[in-house]
């Protein structure tokens, strides 16, 4: 879970409640933009509240809250093509009850293009040439050929398993799975054996076929035990798990009293387990409503 995720949610929802702006302007407001059309909101609570995040990341947070049903997009009467954000009833509930919501940091990927040079490498590879032979025949350094292969893998022309040994693929995927947050290439390189190259790591991580197989195996192994899904290189909930969690969102605090508070061990409801950080109302208020 993203550190201080709940506070980020409350900052965003408070801003949505007080402003009537679209997604991008809301992100600029939360970033503390000095732009003229944003600066006049600077006296409003929440201005610059997410200063330490960049605009795409903030927009990712907003989109997640919209997908969860806590924010709604409405058309303005001035221009039917311009929309502003407003809180839903569920969003109001999150604010009023200080409900704990999990967010992820979304990292948008740049498109990986396959051009003429990559296709020339692909033709030689399909003809049975090794990476070294392709490098020599094309007069290009090996790292360039690997870059071509990376682009081919990312676009499903090839699988990394066709040119990277199975034991290396396994080590890369194991290292990635052990990382709680999105690992950088440098982070993975440091914990992997020295002989595994950056090029090999990149190609394995780009392989959608391997990632899909890995995810299916994980889901089968963990059936009934928990959840893990890769979204945009971050730990998050799957849509199915979020749907199940939303089942308890509108429950009362005395329904399905089948759980225990993690602080005082008092019996708690399914709602408290899912939305109040597994705490009873008293312990939750002490943590989040400090005087």
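At-a-glance table
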read-out: Only listed residue being modelled with pLDDT under 80 and farther than 19 Å from residue 10 by Cα, chosen from 234, 270; value: 234
read-out: Given (1) in a loop (DSSP other than H, G, I, E, B); (2) at pLDDT 90 or above; (3) within 24 Å of residue 106 (Cα to Cα), index of the condition residue 156 fails; value: (2)
read-out: The lone exception for residue 223 - which of (1) at pLDDT below 85; (2) touching a helix residue (DSSP H, G or I) at 6+ places or on another chain (Cβ under 9 Å) it fails; value: (2)
read-out: Hey, residue 6 within 22 Å of the chain's Cα centre (by Cα) and either surrounded by 16 or more Cβ atoms within 10 Å (Cβ to Cβ) or at negative phi (or both) or not; value: yes
read-out: Subset of the range 73-94 that is more than 12 Å from residue 17 (Cβ to Cβ) and modelled with pLDDT of 90 or more - its residue that is surrounded by the most Cβ atoms within 10 Å (Cβ to Cβ); value: 90
read-out: The range 250-279, subset touching a residue at least 24 places away in the same chain (Cβ under 8 Å), outside any loop (DSSP other than H, G, I, E, B) and out of contact with any strand residue (DSSP E or B) (no Cβ under 8 Å at 6 or more places or on another chain), residue surrounded by the fewest Cβ atoms within 10 Å (Cβ to Cβ); value: 274
read-out: Sole exception among (1) crowded, with 19+ Cβ neighbours inside 10 Å; (2) at positive phi for residue 139, by number; value: (1)
read-out: Matching option when the condition is more than 28 Å from the chain's Cα centre (by Cα), under 29 Å from residue 117 (Cα atoms) and free of Cβ contacts under 8 Å to residues at least 40 places away in the same chain, among 135, 143; value: 135
read-out: Residue under evaluation residue 128, criteria (1) touching a helix residue (DSSP H, G or I) at 6+ places or on another chain (Cβ under 9 Å); (2) surrounded by fewer than 18 Cβ atoms within 10 Å (Cβ to Cβ); (3) modelled with pLDDT of 90 or more; (4) not in a helix (DSSP H, G or I), criterion not met; value: (1)
read-out: Flag if residue 242 is surrounded by 14 or more Cβ atoms within 10 Å (Cβ to Cβ), modelled with pLDDT under 85 and touching a helix residue (DSSP H, G or I) at 6+ places or on another chain (Cβ under 6 Å); value: no
read-out: Flag for residue 103 being in contact with a helix residue (DSSP H, G or I) (Cβ under 6 Å, 6 or more places away or on another chain) and closer than 30 Å to residue 282 by Cα; value: yes
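The values are calculated or read from the model by the stated rules, or taken from the named source; none is laboratory data. Just so it is clear, the structure is predicted and the values come from calculations on it, not from any experiment. Note that we place each Cβ from the backbone using ideal geometry, even for glycine, and neighbour counts take in every protein chain shown.
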